[in-house]
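A short write-up of the structure that comes next.
The values are calculated or read from the model by the stated rules, or taken from the named source; none is laboratory data. What you are looking at is a predicted structure, and each value in this text was computed from that prediction instead of being measured. No Cβ is skipped: glycine too gets one built from the backbone with ideal geometry, and neighbour counts run over all protein chains shown. Remember, those area values only see protein heavy atoms, side chains included, never the ligands or the DNA or RNA. Shrake-Rupley method; radii C 1.70, N 1.55, O 1.52, S 1.80 Å.
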Amino acid sequence: MFTDAPRGLGASLGFSREVHPAFLADTDEARSVRTWLRKREALLTDADAVAVIRRLAAIGARVGIGHVLAGLFDELTDTANWAG
């Protein structure tokens, strides 16, 4: 799992690593790599906290704590929707 931010939520939670800056460049090759990673759900945009939390819940489901994380996700997104 890769993230586009070195100190983003995914990296802070310890389940993603920063993608090399060359792959964030504004080039056709870098865009192709990012597209490839996204299609495999292997690139998180840390600006999207909901996506990071969904990924964390999916990881939790695989290790048996998904119900706890899904409840947290519901609570956080309800709060975000109310505040927005």
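Would you check which residues across segment 1-10 are in contact with a helix residue (DSSP H, G or I) (Cβ under 8 Å, 6 or more places away or on another chain) and in a loop (DSSP other than H, G, I, E, B) and list them? If you could, list the steps in order and put the result at the bottom.
So in segment 1-10, the residues in contact with a helix residue (DSSP H, G or I) (Cβ under 8 Å, 6 or more places away or on another chain) come out as 1-5, 8-10.
Within segment 1-10, Met1, Asp4, Ala5, Gly8 qualify.
What's the total number of residues in segment 11-22 that are modelled with pLDDT under 80 and in a helix (DSSP H, G or I)?
Filtering segment 11-22 down to residues modelled with pLDDT under 80 leaves 11-15.
Next, from what is left, pick out any that are in a helix (DSSP H, G or I): 11-12.
Selection size over segment 11-22: 2.
The residue of segment 34-62 that is least open to solvent (accessible area, probe 1.4 Å), among those that are free of Cβ contacts under 8 Å to residues at least 12 places away in the same chain and either in contact with a His (Cβ under 9 Å, 6 or more places away or on another chain) or polar (S, T, N, Q) (or both), is Gly60. Taking first residues from segment 1-17 that are among the basic types (Lys, Arg) and partners that are open to solvent by 50 Å² or more (accessible area, probe 1.4 Å), the Cβ contacts under 8 Å between residues at least 6 apart in sequence or on separate chains come to Arg17/Met1; Arg17/Phe2.
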